[in-house]
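The values are calculated or read from the model by the stated rules, or taken from the named source; none is laboratory data. From a predicted model like this one, the values you see are computed outputs, not experimental measurements. Methodologically, a virtual Cβ is constructed for each residue, glycine included, from the backbone with ideal geometry; neighbour enumeration extends over all protein chains shown.
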Amino acid sequence: MKTQLDSAVSKRTAWSGFRKLKQYPNTIRVASVVTFFLIWEFIAKDADPLFIATPSEIYEAAMYMIEEGTFLLIIRQSMEHFIIGTVLSMVLGVAIGVALALWWQVEYILDPFINGFYAIPKPALVPLIILWFGLETTSKVVIILSIAIFPMIVNTYVGIKDTRGSMLDIGRAFGASERQIFFKIIIPGSIPYIMAGARLAVGLGIIGMIVAEFFTAMVGFGGYIREASDMFETADMYFLIIVVGAFGIALTELVVALERKISRWRILEKERVQG
């Protein structure tokens, strides 16, 4: 009986220790990434270097590209069209989503075009975009815009539609004007949806950046990844792919932090309800 009691106590203690780890999410994330790279290093040592490079080889390639100045050049080339394309996607996406949600005439007119354009695989439009806008920054921005704008449109539309109903009735009952209703009820209520769309738009913007650089003038991350692949420089290719992934993680976390700052009142309300 005592043995069973000791076993139950030890299990409860172990489970309590695991639950405490929940308070340190970043520690768990770092540990999982380090473990992944250690396993990768061990497995890739005996693999064909033509197909896979070890993390130590990738590190050496990274140091060489940084010291040579190639890495900075890649970032400068990619960031120009990525920032313009992604920001335009967010601004235009929110504007179109608001128009669709507030005016039924706009929704009925634009709905078939948005649905049809969304269904077209974007690489199929690349030759046409190149024909219209050439091979430089403008075409890359248009490609990014054509990929990243849709989550902003849809999420903004859904967010505004979701806030309609009782909240608007309460606002009107207290004599709020249409302007006050829009800026004090509709927009704050739709912020979580808009920010969720922004997180998706950031990821799709990175995809659009790589697609644009693959098919237009080969510059930036996409161009150098393709060049490294053609030259069988596996470590360089892996390094650039890892950087693109890390860039996506960093931007997503930035959007999440911005959402927390904008929607601080929601977080406080949630904490109050949970006690």
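Points worth noting:
- If the condition is being hydroxyl-bearing (Ser, Thr, Tyr) and surrounded by fewer than 23 Cβ atoms within 10 Å (Cβ to Cβ), then the range 197-238 contributes Ser229, Thr234, Tyr238.
- Whichever residue in the range 126-151 is of a type in the set (A, V, I, L, M), in a helix (DSSP H, G or I) and in contact with a Ser or Thr (Cβ under 6 Å, 6 or more places away or on another chain) and, among such residues, is farthest from Gly189 (Cα to Cα): Ile130
- Residue in the range 125-143 that is surrounded by fewer than 20 Cβ atoms within 10 Å (Cβ to Cβ), in contact (Cβ under 8 Å) with a residue 24 or more places away in the chain, touching a helix residue (DSSP H, G or I) at 6+ places or on another chain (Cβ under 8 Å) and aromatic (Phe, Trp, Tyr) present: no
- Taken over the range 20-76, the residue count meeting the criterion of being within 23 Å of Glu213 (Cα to Cα) and in a helix (DSSP H, G or I) is 14.
- Only residues that are surrounded by fewer than 15 Cβ atoms within 10 Å (Cβ to Cβ) and out of contact with any helix residue (DSSP H, G or I) (no Cβ under 8 Å at 6 or more places or on another chain) were counted across the range 80-106, and they come to 6.
- Hey, Ser263 under 21 Å from the mean Cα position of the chain (by Cα) and either modelled with pLDDT under 85 or polar (S, T, N, Q) (or both) or not: yes
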